[in-house]
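One structure is given here, and the rest of the page talks about it.
Please treat every number below as a calculation from the coordinates, not as lab data. These numbers were taken from a predicted model, which means no experiment stands behind them. Heads up, the Cβs are rebuilt from the backbone with ideal geometry, glycines too, and the neighbour counts pull from every protein chain shown.
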Amino acid sequence: MPDPTLMPRVHRLDDDGGTLQLPPRVSVSGPVTWFDALQDVLTPGTGLRFHHVPERGMIRLVQQDTAPDGYELRIGDDVTVGAHDLGGIVGACATLRNLLATGERDQLPTCRITDSPRFAWRGVHLDVARHFMPLPWLFWFVDQAAHLKLNRLHLHLTDDQGWRFEVKAHPRLTEAGSWRPFTQNPAWPDGDGTPHGGYYTQEQLRALVAHAAARNITVVPEIDVPGHVRALLAAYPHLGTGKAEVATGFGVLPEVLELHDESVAVIEDIFTELLEVFDSEWIHIGGDECPRDQWRASERMHQVAAARGLEDGVEGLQRWLTGHLQSWLAERGRRAIGWDEILETGPQPQTIVMAWRDQSVGRTALEAGHDVILAPTQITYLDHYQSDQAGEPSGQIGVVTWQDVMAWDPFDGLDPATPHLLGIQAQLWSEYISDPRHLEYMAFPRLSILAEIAWNGPIEDPERFTALLRRHVAQLEAEGINVRPLEGPRPWQEAGTGPRARPLESMPEGGSPADA
Ligand code: TNX
């Protein structure tokens with residue numbers, strides 16, 4: 001059998017050169033929830049069928065002491081999967097999937113594998129606010145994340161350009177806030193002329209949470225406050241300075257929430273319903289890019305700040321809200337996560353910092369004693385162009401190549417032994433990515449490389465890894481995923497002058513918009 005295409009790689013593999021032939025219907029013994037997970041991960045796309053038997057299956061799922069999400073796999077005359085938790089079973093099944101895809105689809109190499117992750121937090125973030133992504137595609141994307149042994153899906157549910165979370169107490173959030181009449185970017189300064197919108201009902205999101213949980217993925221929801229709220233203000237203009245529409249263009253906008261008691265009550269209503277849908281221990285409260293000019297100009301905000309006893313006046317309003325939300329969540333048994341700007345607003349010690357601006361902010365957050373997730377723009381923002389080739393479809397200004405990602409050392413400047421470095425996360429912002437196929441193109445293969453780093457730490461043998469990556473990309477392509485080949489886009493993946501056209505002002509240096 002050829003070298004298995006294991007992505008991420010396993011910690012240890014001893015191969016004895018033999019092959020196990022699987023029957024068309026494979027018996028599986030072990031706990032039923034584990035059997036369900038095996039079926040979920042291994043049935044789609046493999047052509048195999050599984051049935052549960054009380055004991056001595058062809059595949060045996062057995063309880064065993066392992067690290068969290070770790071597992072042991074023994075393939076001989078039959079298959080034994082040992083794990084401590086569901087995460088281990090899902091990981092082992094992802095590995096089995098890779099092994100099956102390597103050779104004949106019903107054969108496994110006889111071998112012994114022991115495996116466990118480097119990082120506890122192996123995340124991928126999805127911005128469904130800037131562009132709405134259809135629910136079935138989210139289910140599919142969760143499956144892909146599970147194959148890469150990722151375990152967190154961070155859903156950015158609200159932003160200036162759209163509100164995607166149904167709130168029963170405040171229906172206008174989705175009635176008025178979930179769509180915009182057109183979209184503007186530098187390629188279409190006057191707008192593309194096409195309305196855009198959509199939202200998820202609470203029932204739909206509950207189904208997504210359950211689907212993800214069965215695959216060892218926690219869905220971490222984000223409601224971004226008090227900035228990035230134009231969609232909220234479109235629904236309830238009196239919570240801002242009076243008049244607002246869902247944003248049609250992108251950037252850091254001046255409109256923010258007026259943080260009087262009425263706004264705070266609405267925020268609490270929103271988070272109350274959020275907690276009913278998402279059982280995640282971690283709840284993301286946004287906190288990024290909140291300009292204070294509107295507060296400075298507002299007599300009422302000066303009064304509110306004074307009434308709350310803020311010595312720095314309106315400058316302290318965001319700090320007050322952050323503190324309030326952290327306590328509010330803690331009282332309900334949850335932990336707040338914030339973008340790293342939260343560091344400037346006096347976060348409580350239990351708050352987790354998502355360090356996005358660069359690696360040094362991660363260090364500052366660790367030094368301040370916080371648990372930290374590294375999400376540096378320069379490496380993990382997969383909305384950036386993948387090269388400076390003219391054919392690349394639209395993206396955020398700047399280039400992050402797969403080689404850049406492969407060279408990333410998440411421990412750079414940090415103490416690898418610190419228990420506070422929870423892990424790493426890939427970000428898929430969607431200002432310039434309007435449909436799922438384009439999102440797939442931006443995600444793969446850079447997401448696969450980040451999954452490797454999340455599971456194993458920095459990549460020390462780039463040449464060998466590149467050979468593996470090449471086979472992995474071929475595998476994804478064979479499965480129908482819109483993956484970007486390592487050399488560059490296929491002709492039908494290019495920008496052209498249609499919906500994926502490159503916005504003129506966000507060209508990477510040296511690039512030209514198909515020389516238009
Ligand atoms: C910065 S990261 C943002 C997002 C943008 C992203 C584009 C962060 C907390 N804010 O609003 O979508 O850059 O790459």
Got a sec to turn the phi values of the range 217-224 into Karplus ³J(HN,Hα) couplings, 6.51 cos²θ - 1.76 cosθ + 1.60 with θ = phi - 60°, whole Hz, x for Gly and Pro? 10, 8, 8, 9, x, 10, 10, 8
Cα centroid distance between the range 390-450 and the range 189-229, in Å? 20 Å
Run a plain Debye calculation on the range 210-261 (Cα atoms as equal point scatterers, no solvent) and give log10 I(q)/I(0) at q = 0.24, 0.27, 0.30 Å⁻¹, rounded to two decimals, same order as the q list. -0.84, -1.01, -1.21
Using 0.36 nm times the number of residues separating ARG296 and ARG105, minus their current alpha carbon distance, what extension gain do you get? 62.3 nm
In Å and whole numbers, how far do the C-alpha atoms of the range 184-239 stretch along each principal axis, longest first? 45, 31, 18
May I have the extent of the alpha carbons of the range 249-370 along their three principal axes, as whole Å values ordered from largest to smallest? 37, 36, 35
Would you please put 463-472, 209-218, 445-454, 399-408 in order of how densely packed they are, using the mean number of other Cβ atoms within 10 angstrom per residue and starting with the highest? 445-454, 209-218, 399-408, 463-472
Where labels lie 7 Å past Cα in the beta-carbon direction, separation of ASP261 and GLU289 in nm: 3.4 nm
Need the C-alpha centroid separation for the range 303-341 versus the range 73-111, integer Å. 48 Å
Here, the range 389-516 modelled as identical Cα point scatterers in vacuum has Debye log10 I(q)/I(0) at q = 0.10, 0.14, 0.17 Å⁻¹ of -0.36, -0.69, -0.95
Output ³J(HN,Hα) for the range 287-300: one whole-Hz value per residue in order, computed from phi by the Karplus curve 6.51 cos²θ - 1.76 cosθ + 1.60 with θ = phi - 60°, and x for Gly and Pro. x, 7, 6, 10, x, 10, 4, 5, 5, 4, 8, 9, 4, 4
At q = 0.13 Å⁻¹, what base-10 log of I(q)/I(0) does the Debye formula yield for the chain when every alpha carbon is treated as an equal point scatterer in vacuo? -1.30
Between GLN403 and ASP40, what length in nm is gained on full extension when 0.36 nm per residue of separation is reduced by their alpha carbon distance? 127.4 nm
In sequence order, what are the phi-derived ³J(HN,Hα) couplings for the range 258-270 according to the Karplus relation 6.51 cos²θ - 1.76 cosθ + 1.60 with θ = phi - 60°, rounded to whole Hz, with x for glycine and proline? 6, 8, 7, 4, 5, 5, 4, 5, 5, 4, 5, 4, 4
Grab the other residues whose beta carbon is less than 9 angstrom from that of CYS111, score K and R as +1, D and E as -1, and report the net. -1
